[in-house]
Amino acid sequence: MFSLRRSAKAPTWKQVEDDFVMGACSRRLFGYISRDLDGVWTAFDEEARVVAAGPDLADVAEALWAGHLAAHDEQCEPVGEIPWWRRVARKRGMPASP
């Protein structure tokens with residue numbers, strides 16, 4: 001779900017419950033979507049502000065991702081070098097994680 005070295009321009013969606021979905025890019029959680037009793041999906045950004053609402057989960061998810069993209073390049077860029085623990089794992093022949 002998260003990466004230390006790359007900044008994916010595609011979201012990962014994790015359905016936690018039937019009525020709750022979390023959105024993440026390669027670096028952080030950027031929001032969540034919940035469904036109310038009437039079947040309306042509502043998207044919230046990382047500060048719990050309403051971004052979009054509607055009956056179609058895909059449309060609401062797309063609006064949430066579009067809202068995050070404006071700050072994605074600046075806020076979600078990988079930082080620094082490869083962590084020491086990953087360098088050690090590579091020297092020992094352990095497979096590298098994505």
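The table that follows gives values for the structure above.
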{"read-out": "Distance in nm between pseudo-label sites at GLU47 and TRP13 (7 Å out along the Cβ direction from Cα)", "value": "2.5"}
{"read-out": "Stretch gain in nm, segment PHE20-ASP59, where the contour uses 0.36 nm per residue and the Cα spacing is subtracted", "value": "12.5 nm"}
{"read-out": "Förster-model FRET efficiency, 30 Å R0, ALA71 and VAL40, C-beta, rounded to 0.05", "value": "0.70"}
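Only the coordinates and a few stated rules stand behind these numbers; no lab work does. Model, not experiment: these values are computed from the prediction. Quick reminder, even Gly has a Cβ in these numbers, built from the backbone with ideal geometry, and neighbours come from all protein chains shown.
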